[in-house]
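This report refers to the structure that appears directly beneath it.
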Amino acid sequence: MVIVLKKDITSEQKNKLTGLLEEKQFKLNEICGAEKTIIAAVGRLSVDLKDLELQDGVESVIPISKPYKMASREFKTEDTIVEVPNNRNQIIKVGGKRIIAIAGPCAVESREQMMAIAQSVQSSGAVMLQGGAYKPRTSPYSFQGLGEEGLKYLKEAGDKYGLPVVTEVVATENIPVMEKYGVDVYQVGARNMQNFELLKKLGKLGKPVILKRGISATLEEWLMSAEYLLSSGTENIILCERGIRTYEKATRNTLDLSAVPVLRSMTHLPVIVDPSHALGIRDKIPPMALASIAAGADGVIVEVHNNPSRALSDGPQSLLPEQFEKVMRDIEAISPVMGKSIPHIQSVKNLASDSKNSSTKNNTVSEKIQCAYCGKRGAYAEQAIGRYFDGSAVAVSMNSFREAFQSVIDGKVDFAMIPIENSLAGSVYDNYDNLTRFPDVTISGAIHMRIQHSLLGVKGATIDDIKKVYSHPQGFLQCSKLLAEHSSWTKIDAASTATAAQFVSENGDKENAAIASVVNAGYYNMEVIRESIEDDPRDYTRFVIISNKKDALPSATMSPNKASFMFCVKNEAGALCDCLGIFQKNALNLTRLESRPVFGEPWKYWFYVDAELTEIIKDRETYMADVLDQLKEKAEQIRLLGVYSEENLTI
């Protein structure tokens, strides 16, 4: 069972509770979360649950019927996110709305081999490096690995390319030397899935563990093995489906992809797939890697070798570097369909210096920060960057909003300037959805900026020449009156207003025009056919500045006055009303309430909320954390997007 403790429980009350449970011969494991503290009590039910709920300091008691307790969805309803830091100040997160790739050779063979493969897989999109230093082989005459020397080569290669390292632990006596060389993730192979003494020792390390499914194990047996790790002390477990033994001999094993969606309802632990060991045939691995992602896996682990024909272990199932690159490109292509994002390792040249992040937006810095935006030179977002950062940031053009979000996540830029709503055209829904697709972004700031549209054409063009007009969809909505007067014009969407202006200029046809800022006329040598064509002069766009780090703008010129978050309500009458009542109770003025569909869950919605923070609130982050705690009692999922300052640049 799970015992949820009250926030104000005293040490005396907790000792009394644990003493009672120990008398009843329960095995206890206390877990202190960010919001709640719970005690997992495992043993025969020899106490009345109602008596436990009446104990001082106990908030609730949740019985768990499954034989696997701590691994079950009953124990933890939200998905576990396993965090693995690298040496470039990044946290690689496994689970949730992310897809990760782990790649490398089956066995570490030499320093040169590991350096070459690490460089290749990192450039293709892998975020962790695998390689076996100790190899459990069916034949005692097969290559057994380089041992300690192999660990040295693996870690050196991983550190050089910013990749946390994954390697298999085959026996308890290997653990001390693996700790010595700083192994980041310990892998338990299929043969050791039920090596319970090994699992207990690994659990005590508290390090992330990839637990592979045994060759003939049921899902319940697999989760019972995970229970050994959880009950021994570690919370960071990644399940790995790697194929099971059936009567079919066409492949090495049979990849059980049905396990992925089934496990989603059984456990909160992240699930990845190893198609290499399941198939054993090189050209069959790429389609099954993609199928794994389509089935809902949180990532894949594949074997890659730069010369498979000479590999000392599992050469026939190792992908060539170019094959792995193709797989990653395909996974990138399908990730939006799955509503997920793909993290990448930050390049050394793009590592943000501490001095850069600690500078204020009004100071001149030796190395300018970089802020991405969607569109070409002259886009309104580029103008917003110039105004917000007062010239201390370099504006970096991106082809899409998604690319801007991804660049922030990958550390290629420090920030991105993202339009979120317009006073005339309403919400930019694509970016509300991007906020759900990219769970690692934070809103660091926001501004309002006045938008003034012009109709631009090539030199010498007049309004009578126009037959086609190009702009961002928001531009069309904001200039609907002019377009209604010229209903014969064909409207063609562009990635941004500036992109539209550039295209019209380069095309050189007088029949084409663009709705964009007047500054684009100078950039692209265009004719200003008509100015101020927006429907209403009170045309403002709200931009948010996103980053991948909390407190990315610690020295803003004004204290935080806004908080944004997202939540899903329970499917029951009055659920939204109950949540909104919490804002009233805490005297928070909601300036925006927007709903968006939850990806893959029909008729379920995210609610996006902006709330004003008044001067009477002193410790604003603590205050908002308390509000979110109250919301968690009423809502299913909560995500704080940011506590930040919002400025109004309406001139």
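The values are calculated or read from the model by the stated rules, or taken from the named source; none is laboratory data. This is a predicted model, so every value here is computed, not measured. No Cβ is skipped: glycine too gets one built from the backbone with ideal geometry, and neighbour counts run over all protein chains shown. These area figures cover heavy atoms from the full protein model, side chains too; ligands, DNA and RNA do not enter into them. Shrake-Rupley method; radii C 1.70, N 1.55, O 1.52, S 1.80 Å.
The single condition among (1) farther than 27 Å from ASN512 by Cβ; (2) part of a loop (DSSP other than H, G, I, E, B); (3) more than 23 Å from the chain's Cα centre (by Cα) that ASP440 does not satisfy is (3).
Answer yes or no as to whether ALA587 is at positive phi and among the aliphatic types (A, V, I, L, M). Yes: the conditions hold for ALA587.
Scanning segment 124-148 for residues that are modelled with pLDDT of 95 or more and in a helix (DSSP H, G or I) gives a single hit, SER124. When you scan segment 103-123, do you find a residue that is crowded, with 24+ Cβ neighbours inside 10 Å, within 30 Å of ILE31 (Cβ to Cβ) and in contact (Cβ under 8 Å) with a residue 12 or more places away in the chain, even just one? No. A single entry from THR254, THR246, THR234 fulfils the requirement of being open to solvent by less than 10 Å² (accessible area, probe 1.4 Å), in contact with a strand residue (DSSP E or B) (Cβ under 8 Å, 6 or more places away or on another chain) and of a type outside the set (Lys, Arg): THR234. Inspect all residues belonging to segment 594-617 and state whether any of them is surrounded by fewer than 17 Cβ atoms within 10 Å (Cβ to Cβ), touching a strand residue (DSSP E or B) at 6+ places or on another chain (Cβ under 8 Å), of a type in the set (Lys, Arg) and at pLDDT 90 or above. So far as segment 594-617 goes, yes, one or more of its residues are surrounded by fewer than 17 Cβ atoms within 10 Å (Cβ to Cβ), touching a strand residue (DSSP E or B) at 6+ places or on another chain (Cβ under 8 Å), of a type in the set (Lys, Arg) and at pLDDT 90 or above. Taking segment 44-85 as the range and being open to solvent by less than 40 Å² (accessible area, probe 1.4 Å) and in contact with a Leu (Cβ under 7 Å, 6 or more places away or on another chain) as the test, the residues that pass are GLY57, VAL58, VAL61, TYR68, MET70, ALA71, THR80. Residues in segment 36-76 that are at pLDDT below 85, in a strand (DSSP E or B) and more than 24 Å from ASP8 (Cβ to Cβ): VAL42 alone. Scanning segment 10-22 for residues that are at negative phi, open to solvent by less than 30 Å² (accessible area, probe 1.4 Å) and not in a helix (DSSP H, G or I) turns up nothing.
So is LYS180 within 22 Å of ALA226 (Cα to Cα) and surrounded by fewer than 20 Cβ atoms within 10 Å (Cβ to Cβ) or not? It is false that LYS180 is within 22 Å of ALA226 (Cα to Cα) and surrounded by fewer than 20 Cβ atoms within 10 Å (Cβ to Cβ). Among residues of segment 284-309 that are more than 17 Å from PRO343 (Cα to Cα), those with a beta-carbon under 9 Å from a residue that is of a type in the set (Lys, Arg) and part of a helix (DSSP H, G or I) at least six positions away or on a different chain give the pairs PRO286/LYS326; PRO308/ARG282. Kindly indicate whether any position in segment 284-303 is β-branched (Val, Ile, Thr) and part of a helix (DSSP H, G or I). Yes - at least one qualifying residue is present in segment 284-303.
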